[in-house]
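**Student:** Okay, handing you the structure first.
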Amino acid sequence: MNRIKDIRQTDILIVGAGIAGLSAAIEAVKGGRVVLAHKGSPNISSTQLAQGGIAVVMDKTDRPALHCRDTLYAGAGLCSKKAVRILVNEGMARVKEMLEMGVFFDRDDSGLLLGQEAAHSRRRILHAGDSTGAEIERGLWQYLQKNNQGNLTIYSPAQCLQLLIERGRCHGGIFLQDGQQFAVLARQTILATGGYVQIFKYNTNLSGLSGDGIALAYRAGAKIRDMEFVQFHPTSLYDLRPHESQFLISEAVRGEGAVLRNVLRRRFMPDYHPSAELAPRDVVTRAIVAEMRKTNSDHVLLDFTTSAINIPARFPSIYRQCQDLRINVAKDLVPVVPAAHYSMGGIATDIHGRTNIRGLLACGECASTGVHGANRLASNSLLEGLVFGRRAAAAALKDRTGEKAFAGNIDGVKINNSANIRAAIQEIMWKYAGIIRAKAGLTKAREKLQKLPDSSPEENNLLLCAKLCVRGALRRRESRGAHYRTDYPRRKWLGRSNLQNIMRSTSRADNF
Ligand SMILES: Cc1cc2nc3c(=O)[nH]c(=O)nc-3n(C[C@H](O)[C@H](O)[C@H](O)COP(=O)(O)OP(=O)(O)OC[C@H]3O[C@@H](n4cnc5c(N)ncnc54)[C@H](O)[C@@H]3O)c2cc1C
């Protein structure tokens, strides 16, 4: 492979421009030159799709200790208390700053409006209609573009193909833009590349999000943690038309009084949990699967008619999407089905976003900071990106001095342009390693994934993430949070699951 001649330099390289990457960039430009690279033009991120809102203590009757308690409860014993305390406490300050930066949330004459979501003991969800993430992304981009002190360079659409590692230290990455490869040498590299739920056939993410950061970090020798924990959202729109990803029906809808019914129109959630429709997501998801099996159906129904609020005003995108399917939420029941939605597992970091590789940090959905444990509390992920993106940048600024420059030659990455294994990965994972798991299926998934051929960088990354998920799921002989095994239905204490690529190959180190 040809040597790369186009080599660019920066202090801090940030890969990804969702809430985590933007939050990191806003902090990093205060102290050094920053390259912010992302895949899309416009951006491809989960942030822009986020509907329900961002959880934060704002109400007089609420307290950080309550938000902390709710988060730990949803996390099913696997959260890091320290990380959760940081999330809820620093979250309040970060959200206030975000308001000052010009991000708008819904309010009335008495102030900001707070929504209710599952497993939150108080109303604490700030929202902008049902397009909260798009408003946050808009506001943060705008602020960053006006407040970067000339320290910001943006590359987009630019895809990070590989990290540059020399003697156990990260020195930046290799990118692909307009068919050309170039390298960015950086004193510190922050990955903010989002999640890996694209490994499942039914998922709510954009197809460009393929677990890249996690795969790149794994190949570079970073510790990857808890990959078996994938949150399946109970309610995505059941839509038989061809589409890129499942359209989400936010939990906030149930928070506002909508109820779930099986196809026989019977409300079932009170049979499964005292909090009924507002039980933790894993409980609602499994209840839906059980009801679909009982009624021999491939969906259940969401009944908005029990909600007292004005649906078109509060949830305009959901209302429009249903209208497209000729569903009038004021009188019709909406067919819904669970879909893979959020990655709890990822690159293991400390509370500053540092990984086990010097010069490499991670934040947002690609990271495993310990705040979500075995199950994310609704609307905590935007908050995590905001809080830990900022922390990662602060740590990167602190660590950037005194590090030796990269001395090696940089070879380009060999690219296979065939892209034909995505559908196979997604089928295998949905069928054998999805919402309800057992050893036989997981073993089958492992065998089938092993047989898939080499493919494009994105698909190889997906494949690697799928293998890591299956490996974690096989190892975890218990049921906890979002990971449910019929052969080990009870909770046992097995701790966190660490996966590390001891081969430290920078290419396709996928066989284990
Ligand atoms: C439909 C939907 C609704 C949601 N609703 C909510 C909600 O209401 N509240 C909540 O808290 N959370 C919600 N979530 C989850 C939340 O949106 C995400 O967890 C969060 O936005 C992740 O932010 P992030 O910055 O880590 O990653 P993302 O926002 O996904 O951004 C990833 C970035 O990395 C870039 N990237 C990826 N790979 C590469 C590469 N190889 N090279 C260069 N760039 C790369 C992408 O282009 C993008 O810029 C929702 C998610 C979805 C999908």
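The values are calculated or read from the model by the stated rules, or taken from the named source; none is laboratory data. Since the model is a prediction, treat every value here as computed from it, not as a measurement. Neighbour counts run over all protein chains shown; Cβ positions are idealised from the backbone, glycine included.
**Student:** Provide a single number: the residues in region 214-243 that are among the basic types (Lys, Arg) and either farther than 26 Å from Gly495 by Cβ or assigned to a helix (DSSP H, G or I) (or both). Give the derivation first.
**Tutor:** If we filter region 214-243 for residues that are among the basic types (Lys, Arg), which is where we start, we get 219, 223, 225, 241.
From the residues that got through so far, the ones that are either farther than 26 Å from Gly495 by Cβ or assigned to a helix (DSSP H, G or I) (or both) too are 219, 241.
Number of matching residues: 2.
**Student:** Could you identify the single residue in Glu117, Glu100 that is modelled with pLDDT of 95 or more and outside any strand (DSSP E or B)? First the steps, then the outcome.
**Tutor:** Numbers: Glu117 fails: modelled with pLDDT of 95 or more.
Selected residue: Glu100, the only one of Glu117, Glu100 that is modelled with pLDDT of 95 or more and outside any strand (DSSP E or B).
**Student:** How about region 120-133: which of its residues are within 24 Å of Phe247 (Cβ to Cβ) and either within 9 Å of the ligand (Cβ to nearest atom) or in a loop (DSSP other than H, G, I, E, B) (or both)? Spell out the reasoning first.
**Tutor:** We begin by selecting, within region 120-133, every residue within 24 Å of Phe247 (Cβ to Cβ); these are 120, 125-133.
Correct list: His120, Ile125, His127, Ala128, Gly129, Asp130, Ser131, Thr132, Gly133.
**Student:** Moving to a separate point now. Residue pairs, Cβ under 6 Å, 6 or more apart or interchain, first in region 449-471 and under 18 Å from Ser207 (Cα atoms) and polar (S, T, N, Q), second more than 16 Å from the ligand (Cβ to nearest atom) and not in a helix (DSSP H, G or I). List them.
**Tutor:** Hits for this filter: Ser455/Ser418; Ser455/Ile421.
**Student:** Let me ask something else about it. Taking region 375-419 only, how many residues are outside any helix (DSSP H, G or I) and either out of contact with any Leu (no Cβ under 6 Å at 6 or more places or on another chain) or at pLDDT below 95 (or both)? So that I can check it myself, show each step before the final result.
**Tutor:** At the first step, the residues of region 375-419 found to be outside any helix (DSSP H, G or I) are 375-379, 400-419.
From what is left, the residues that are either out of contact with any Leu (no Cβ under 6 Å at 6 or more places or on another chain) or at pLDDT below 95 (or both) are 375-379, 400-412, 414-419.
Residues that pass the stated criteria total 24.
**Student:** Any idea which of (1) modelled with pLDDT of 95 or more; (2) surrounded by fewer than 23 Cβ atoms within 10 Å (Cβ to Cβ); (3) of a type in the set (Ser, Thr, Tyr) is the one Ser45 doesn't satisfy?
**Tutor:** Against the list (1) modelled with pLDDT of 95 or more; (2) surrounded by fewer than 23 Cβ atoms within 10 Å (Cβ to Cβ); (3) of a type in the set (Ser, Thr, Tyr), Ser45 comes up short only on (2).
**Student:** Here are the criteria: (1) within 15 Å of the ligand (Cβ to nearest atom); (2) in contact with a strand residue (DSSP E or B) (Cβ under 7 Å, 6 or more places away or on another chain). Tell me which single one Asn461 does not satisfy.
**Tutor:** (2)
**Student:** Can you name the number of the only condition in (1) in contact with a helix residue (DSSP H, G or I) (Cβ under 8 Å, 6 or more places away or on another chain); (2) surrounded by fewer than 24 Cβ atoms within 10 Å (Cβ to Cβ); (3) among the aliphatic types (A, V, I, L, M) that Ile224 fails?
**Tutor:** Every condition holds for Ile224 apart from (2).
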